[in-house]
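All remarks here apply to the structure that follows.
Please treat every number below as a calculation from the coordinates, not as lab data. Source: prediction; values computed, not measured. Note: ideal-geometry Cβ built from the backbone for every residue, glycine included; neighbour counts use all protein chains shown.
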Amino acid sequence: MELLSSVGAVSAVMKGASSIVKQLKGSKPQQSSFADLLQKDLAKNAVMAPQKDAKTRSESYMRSRDVDANGSLSRAESGFGPDSFKKWDLDKSGDIGAAELLGAFTNNADITQ
């Protein structure tokens, strides 16, 4: 899973660098302008990548665990420890829905407790 996250981050950086090069093509770029553009792009991806990664991981987790295909996870389906399940079942419905699961993944929760 970590490898996939790393590959995704590297891919995002490469796409960003490619777009910067396209922006600078045709003009003689100064080192500082390229560095500034690259730094801004990296900062943007640093913010967006974890959110995309959390969404991807939570959706994958939901698909793999939602045995009854009702769009939410019961305590048994979730694989969460009892304390984590109570914490992330925000609406206290007895199930963890997609938004609640995304919250857990966005916050890198230790779901085993």
Between Arg63 and Thr106, what is the spin-label point distance in nm, taking each point 7 Å from the Cα along the Cα→C-beta axis?
-> 2.1 nm
For segment 56-113, the percent of all C-alpha pairs falling in each 5 Å bin, from 0 up to the bin holding the max distance, is 4, 23, 36, 28, 8, 0
